[in-house]
1. Taking the Cα centre of the range 43-100 as the origin and placing charges on Cβ (Lys, Arg +1; Asp, Glu -1), which of 97, 65, 84 is farthest toward the positive end of the dipole?
2. Order the peptides 172-183, 128-139 from the highest to the lowest mean number of other Cβ atoms within 10 Å of their residues.
3. Rounded to a whole number of µm²/s, how large is the Stokes-Einstein D of the range 30-136 at 4 °C and 1.567 mPa s, given Rh as the Kirkwood radius over C-alpha pairs?
4. Given points 7 Å out from each Cα along the Cα-Cβ axis, report the residue 52 to residue 211 separation in nanometres with one decimal.
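A short reminder: the numbers here are calculations on the coordinates, not readings from a lab. This structure is a prediction, so every number in the text was calculated from the model and none was measured. We place every Cβ from the backbone using ideal geometry, glycine too, and count neighbours over all the protein chains shown.
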Amino acid sequence: MNGKVTVGRCLARVGALCAAAMLLVATGCNLGLSAIPPVNVNINRVAAELLAEYDSNKNGALSRSELAAMPPLAECLSRCRRNANDEITEDELRATLKRIFDPRTAVVSASCVVRRNGQPFAGAEVRFVPLPVFKNALPVGSGVTDVNGYAMIAASAKDLPSAAPNVALMTPGLYLVEVTHPSVQIPEKYNRQTVLGKEISTETVYGGRLAVDLKL
C-alpha cells in the first residue's frame, strides 16, 4: 500500500511540475509580471468581514473558541501566527491573505489526497467551494480521486483567466471542502455541513498539505 501511495504522490508532483512549466511558457520567463492576472481580492475588506462575523467579543482578534463556530475557517487559518493571548489579530489576518493572494501567482496546480479511515479513497468526488466571504471572487473547483486517493482539483475554464493554459488549475484562496461518493454514504459533516477547509496557495500545493482524512 505504501508503494501505491508513493506512486500517487510522485504522479501528483509530476502533474504540478508540468503545470508550472506550462505556466512559464504561457507567461514568459522574461516578461516581468505574469500575463495571467491574479484574482482581485480586497484584503482589508475580507479581514474586516471575518472579524465582524466571528469576533464575538469585539476585541479585534479571533480566539480558538470564536473560530470553533466555523471549523473550516479554523482549519484554513491554522497556519496563522497567534499573539500572546493565543489569538489571530487583524494584522495577522491581512498578512496571511497577502501571502495567499500573492500577485505573482494567479493560478496553481492543486492535487488533493483523500483518505478513508487512513486508506486511499478511490472514486470520491471532491469539491473546493470558496468560503462565503470569497463567494463572488473565487471559483468552485472539483475532481475525482484515483486508485491512490489523489484528485486534481480544477476550476472550469470559464472561471479561470483567459490567458491560463488549458490544464487543471485552481485559484489560490480559502475553500470549504466537500466529499461525496457515488456508492459510499458520506456523513454530511464532510459535504452539506462540512467541517473541512483548506488553503490553496503555492505553499500548501507544493508542500503536500492538501490532504483530507475521513473517519467513517
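1. Checked the options; the winner is 97.
2. Values: 172-183: 20.2, 128-139: 17.7.
So the order, starting with the most tightly packed, is 172-183, 128-139.
3. It comes out at roughly 80 µm²/s.
4. Rounded to a tenth, the inter-label distance reads 3.8 nm.
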